[in-house]
Structures are given as C-alpha cells and as structure tokens.
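Beneath this line is the structure, given in structure tokens, with notes to follow.
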Amino acid sequence: MKGPEDIQPNRRLKTARDVIVTLIIWAYFTLGFIILFAPFYGFAALFSKHREPAFQRLNSRFYRGFFFLARLLMPGHHWRVDEQVMNIRSSVIVCNHRSYLDPLILISFYEKHKTIVKSRLFNIPVFGWMLKWSGYIPSVSQGKFADLMIRQVESMGDFLAAGGNLFIFPEGTRSRDGRIGRLDKGAFKIARRCRAPIRVVFIKNTEKMFQPGYFRLETHGPNTITVELAGSIDAALWTETASLADITARVQMMLETNNRASAPAV
C-alpha cells in the first residue's frame, strides 16, 4: 500500500504533466494557428471567390489538428464517436453542452457548418471578422448584429439544402451539474422555417478533460468521451400537426433520456 510520501510525488508529477500538455495544446491554438493556418486564412480572405465555405473548411481542419494532438498527448482519454453523427448532412443539429470542447468537436466533424456564437465575440478584432466570414450567427438579434443575423437565417435554407449543417446548443450555456437545462426554441424556429430535419446529438465526458472554470486540462483519465446520435425528428413533422412546443419537448426528452442512461450507477 502506498503511503502519503508516495502519493504526494505522484500528484506533483500528474500536475506537472497536466501543465506541460496544456501549454502544448494552447501553443497549437496560438503559434500553430499563426504559423500553419494564418497564411491560408489570409489567402481565403483576400482572394477566394467563396470565402465563407473556405473559412469553414479551414476551421474544421484546424480543430481536427487540435483533437489529433489531444489524442496523441492524452491517451488516457478514449473516444467513441457514432458513425451516424459523422454522416449527418443538411440538418439542424441540437446538442447538449458540457464543456467548451463541445462546439470544437462538431466544427472538426463537418467542413460545411454554421453555428450560433455569443454576439460579444464578434467585437473582438480579427477574431470577430473570422466569425463573420465563416458565416456564423450572432446570438442576439438586436443592435448592430441584427442585419447579420437576418441575412444568415434567410440564407440558411439554401445552405442546408447544399449539404451544410447548423449546430446549436439550445441550453445556452454549459451545464455545471450534469443536468440538461431548459432548451431555447431558437434552433427549432430555424429548423421549422427551413423545413429541415433535426438530429439530436449527445456528448458525454468532455468536462472531464476540460472542466468549466479551469485553464488546465485533465490529461490522464481514464475517461471515455462519447458522441452519439440520441434521436432524430424528420422534416415531414413540420408540415403536420406538431407544434414548436411539441418538438422542443421531444428533443428535451431525448437529451434527458440519454443523460439518465449515461449517469453513473449509485
């Protein structure tokens, strides 16, 4: 049996490794972006005739690199991704929200994607331009971003019909206690307007890699990050009698059912 004198050095080694891996990962976000990706973004911004899809592809490939590095440096975290999720096209994807990693995962999956982003982030120099040029949608439909939101929503039908996905986290913020929060109806209004199917995706255990409120990554595990299809709602329902409240309640039930099934046994 290990005594306190053995446990303390192990904790220090674990903390040191967490810090080192975290610094490498965040270095990819900064130096890796500047050295490896910024020239391609610059070229797309200045010369591409189709800047929006070009930026979406670059965003997807950048985050694929991030998760490739994460898997390489954090082998204690295993990944189980449902192939059905990877094959989603022309849909509004509704997902639960446990960690800042969740939207990055979905961006890495789909080269043609859009999402809703907090409006204040559009005010950040350079980064705000990238969000706008990627076709992302501000979360607030008032003020100086109102026209941008209206343009994106009005063109969403064509984007989805061409094979793109819109993914949304309707809880609005990360869950701190593991429970599914109340869902905002915005995602469902867009799906109804576009007569688009809804795919309900459930992500599990990302918060065990990157905990809310912490800068440092938990690098060891053991942990299994799961991304699975929790259910679907066909586009045909929008032409039948199902109301917006009915659809929202169905999605809430799908997420809560998966959340209960994934909860650890007591």
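The values are calculated or read from the model by the stated rules, or taken from the named source; none is laboratory data. Treat the numbers as computed from the prediction; the structure is a model and nothing was measured. Note that we place each Cβ from the backbone using ideal geometry, even for glycine, and neighbour counts take in every protein chain shown.
Give the residues of segment 231-266 that are surrounded by 14 or more Cβ atoms within 10 Å (Cβ to Cβ) and of a type in the set (A, V, I, L, M, F, W, C), sorted by residue number.
Correct list: 233, 235, 237, 238, 242, 247, 251, 253, 254, 255.
Can you tell me how many residues within segment 92-124 are free of Cβ contacts under 8 Å to residues at least 24 places away in the same chain and among the aliphatic types (A, V, I, L, M)?
3
Within segment 165-182, is even one residue over 20 Å from residue 111 (Cα atoms), in contact with a Pro (Cβ under 7 Å, 6 or more places away or on another chain) and among the hydrophobic types (A, V, I, L, M, F, W, C)?
Taking segment 165-182 as the starting set, the residues that turn out to be over 20 Å from residue 111 (Cα atoms) are 170-182.
Add one more test, that the residue is in contact with a Pro (Cβ under 7 Å, 6 or more places away or on another chain), and what stays is 174, 176.
From what is left, the residues that are among the hydrophobic types (A, V, I, L, M, F, W, C) are none.
Among the residues of segment 165-182, not one is over 20 Å from residue 111 (Cα atoms), in contact with a Pro (Cβ under 7 Å, 6 or more places away or on another chain) and among the hydrophobic types (A, V, I, L, M, F, W, C), which makes the answer no.
Taking the residues in segment 160-191 that are touching a Ser or Thr at 6+ places or on another chain (Cβ under 8 Å) and of a type in the set (Lys, Arg) as candidates, determine which candidate is surrounded by the most Cβ atoms within 10 Å (Cβ to Cβ).
For segment 160-191, the residue satisfying everything is 174.
Can you tell me which residues in segment 94-150 are over 23 Å from residue 204 (Cβ atoms) and of a type in the set (Gly, Ala, Ser)?
Start the filter on segment 94-150 by keeping residues that are over 23 Å from residue 204 (Cβ atoms), which leaves 111-112, 114, 117-150.
119, 128, 134, 135, 139, 141, 143, 146, listed by residue number.
Is there a residue in segment 126-143 that is more than 16 Å from the chain's Cα centre (by Cα), within 27 Å of residue 33 (Cα to Cα) and in a loop (DSSP other than H, G, I, E, B)? It would help to see each step written out before you state the result.
Narrowing segment 126-143 to residues more than 16 Å from the chain's Cα centre (by Cα): 126-130, 132-133, 140-143.
With within 27 Å of residue 33 (Cα to Cα) added as a condition, the list becomes 126-130, 132-133.
Subset that is in a loop (DSSP other than H, G, I, E, B): 126.
Yes; the residues of segment 126-143 include at least one that is more than 16 Å from the chain's Cα centre (by Cα), within 27 Å of residue 33 (Cα to Cα) and in a loop (DSSP other than H, G, I, E, B).
Quick check on segment 153-167. Is at least one of its residues of a type in the set (S, T, N, Q) and more than 23 Å from residue 99 (Cα to Cα)?
Residues of segment 153-167 that are of a type in the set (S, T, N, Q), as a first pass: 155, 165.
Checking the rest, the ones that are also more than 23 Å from residue 99 (Cα to Cα) come to 155.
Yes, some residue in segment 153-167 is of a type in the set (S, T, N, Q) and more than 23 Å from residue 99 (Cα to Cα).
Working only within segment 192-223, note down all residues that are within 30 Å of residue 150 (Cα to Cα) and surrounded by 16 or more Cβ atoms within 10 Å (Cβ to Cβ).
First pass over segment 192-223, keeping only residues within 30 Å of residue 150 (Cα to Cα): 192-203.
192, 194, 196, 197, 198, 199, 200, 201, 202, 203 - these are the residues of segment 192-223 that are within 30 Å of residue 150 (Cα to Cα) and surrounded by 16 or more Cβ atoms within 10 Å (Cβ to Cβ).
Which of the helices (runs of 4 or more DSSP H) found entirely inside segment 3-119 contain at least 2 residues meeting this: surrounded by 14 or more Cβ atoms within 10 Å (Cβ to Cβ)? Steps first, please.
Values: elements: 4-27, 38-47, 51-73, 83-86, 101-109.
Per the criteria, 4-27, 38-47, 51-73, 101-109.
Say whether the condition of being at pLDDT below 95 and either in contact with an Asp or Glu (Cβ under 7 Å, 6 or more places away or on another chain) or not acidic (Asp, Glu) (or both) is met by at least one residue in segment 196-207.
no
Can you find a residue that is surrounded by 13 or more Cβ atoms within 10 Å (Cβ to Cβ), at pLDDT below 95 and within 21 Å of residue 213 (Cβ to Cβ) anywhere in segment 152-159?
Let us first name the residues in segment 152-159 that are surrounded by 13 or more Cβ atoms within 10 Å (Cβ to Cβ), namely 152-153, 155-157, 159.
Now narrow it down to the ones that are at pLDDT below 95: 152-153.
Among the residues that remain, those that are also within 21 Å of residue 213 (Cβ to Cβ) are: none.
For segment 152-159, residues surrounded by 13 or more Cβ atoms within 10 Å (Cβ to Cβ), at pLDDT below 95 and within 21 Å of residue 213 (Cβ to Cβ): absent.
Let's see how each residue does on (1) in a strand (DSSP E or B); (2) closer than 30 Å to residue 142 by Cβ:
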site	(1), (2)
166	yes, yes
183	no, yes
187	no, yes
216	no, no
225	yes, no
230	yes, no
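Which one of these does residue 228 not meet: (1) closer than 19 Å to residue 82 by Cα; (2) crowded, with 19+ Cβ neighbours inside 10 Å?
Looking at each condition in turn, residue 228 falls short on (2).
Return yes when residue 170 is of a type outside the set (Asp, Glu), touching a residue at least 40 places away in the same chain (Cβ under 8 Å) and in contact with a Leu (Cβ under 8 Å, 6 or more places away or on another chain) and no when it is not. It would help to see each step written out before you state the result.
Details: of a type outside the set (Asp, Glu): yes; touching a residue at least 40 places away in the same chain (Cβ under 8 Å): yes; in contact with a Leu (Cβ under 8 Å, 6 or more places away or on another chain): yes.
Yes; evaluated as a whole, the condition is true for this residue.
If residue 138 satisfies every condition in (1) crowded, with 18+ Cβ neighbours inside 10 Å; (2) on the phi > 0 side of the Ramachandran plot; (3) without any contact (Cβ under 8 Å) to a residue 24 or more places away in the chain but one, which is the exception?
Every condition holds for residue 138 apart from (2).
Going through segment 37-58 one residue at a time, which ones are over 22 Å from the mean Cα position of the chain (by Cα), hydrophobic (A, V, I, L, M, F, W, C) and more than 18 Å from residue 136 (Cα to Cα)?
Filtering segment 37-58 for residues over 22 Å from the mean Cα position of the chain (by Cα) gives 39-40, 42-50.
From what is left, the residues that are hydrophobic (A, V, I, L, M, F, W, C) are 40, 43-47.
Result: 40, 43, 46, 47.
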